[in-house]
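Working notes for the structure below.
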Amino acid sequence: MEQLSAQARWERFTERPLLGLAVAFAVAYAVPIVDASAGRSLTAVCTGVEWVVWGAFALDYLVRLALAPHRKTFVRRHWLDLCAVVLPVLQPLRLLRLVSTLLLVGRRARMAPQIRLTTYVVGAVIGLLMFGSLAVLSVERESPHGNIRTLGDAVWWSFTTMTTVGYGDHAPTTGLGRMIAVGLMLSGIALLGVVTANIAAWFISRFEKDDVEERRQTEAIAALAEEVRLLRAEVARLTEAEPRRDAEGCAVGNSSPAPGNEPRAS
């Protein structure tokens, strides 16, 4: 059995704890937005949880970097992880912490071999729908010209935006809200493309499997027909040879005596 590297063992060990921290981040991010009457103490606790989760992902990146056999190659291959870690430090906005955490959770989810593509797509859709709704509600609720005032309006807007329907009954009016809208549009198009490609690949694999089975059966039938042809040829050869031997036997058994050797009458 091939022994796992230190980096692979660390990723397997921290996979579930980091996913649990991501859930805690989601709760901490949602509570102050959903509960508009949340006090300063609760908001401060939620903000602290967000920073703790981000710090855990940042520490995870540093440990993986230290355990990597080739650090330059690791940084080059995981540049998106580095951007997600550095992004909130450049400008400590809650939205940037949201984006960075989503990126890091997505990267770690793709590393997990047991998570299939369909599960990842479903999780990405639910996560983008939820966080997009919360993000646009947080920036549009206090806008004087905004029309996204409740969580229901935000969820409806996120769903129509991700599916590129865009009814227009709700739309962001702030610059940050429109940036969120652009991100949801691009993410929705990408996820729909992934789903379509996955379904097409499934149908193609099924057709290829059917073609392989059909070719195998055709080859088996052709081999069986060849064996039958050879058996018929062998039977025909034996049938032609058997009367010839009988005729020769009869000719030998019924041969008349040679002249001069006829029996004399007494």
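Which one of the conditions (1) touching a Leu at 6+ places or on another chain (Cβ under 6 Å); (2) on the phi > 0 side of the Ramachandran plot does G168 fail to meet, given that it meets all the rest?
The failed condition is (1).
Looking at P17, P69, which is the one that is outside any helix (DSSP H, G or I) and either open to solvent by 30 Å² or more (accessible area, probe 1.4 Å) or of a type outside the set (S, T, N, Q) (or both)?
Just one listed residue meets the conditions, P69.
Inside the range 37-85, can you point out the residues that are over 15 Å from L21 (Cα atoms), free of Cβ contacts under 8 Å to residues at least 24 places away in the same chain and among the β-branched types (V, I, T)?
Once the filter is applied, which keeps residues that are over 15 Å from L21 (Cα atoms), free of Cβ contacts under 8 Å to residues at least 24 places away in the same chain and among the β-branched types (V, I, T), the range 37-85 yields T43, T73, V75.
Checking G123 against (1) modelled with pLDDT of 80 or more; (2) within 18 Å of F159 (Cβ to Cβ); (3) not aliphatic (A, V, I, L, M), which test does it fail?
Here G123 clears every test but (1).
For the range 139-160, how many residues are part of a loop (DSSP other than H, G, I, E, B), free of Cβ contacts under 8 Å to residues at least 24 places away in the same chain and in contact with a Ser or Thr (Cβ under 6 Å, 6 or more places away or on another chain)?
0
I'd like the full set of residues that are closer than 26 Å to T196 by Cβ and among the hydrophobic types (A, V, I, L, M, F, W, C), limited to the range 137-178.
Across the range 137-178, the qualifying residues are V155, W156, W157, F159, M162, V165.
Regarding I199, is this residue surrounded by 11 or more Cβ atoms within 10 Å (Cβ to Cβ), among the β-branched types (V, I, T) and either touching a Leu at 6+ places or on another chain (Cβ under 9 Å) or not in a loop (DSSP other than H, G, I, E, B) (or both)?
Answer is yes for this residue.
The values are calculated or read from the model by the stated rules, or taken from the named source; none is laboratory data. Bear in mind that the values here come from a model prediction, so they are computed numbers and not experimental data. Note: ideal-geometry Cβ built from the backbone for every residue, glycine included; neighbour counts use all protein chains shown. With ligands, DNA and RNA removed, areas are computed over all heavy atoms of the protein, side chains included. Shrake-Rupley method; radii C 1.70, N 1.55, O 1.52, S 1.80 Å.
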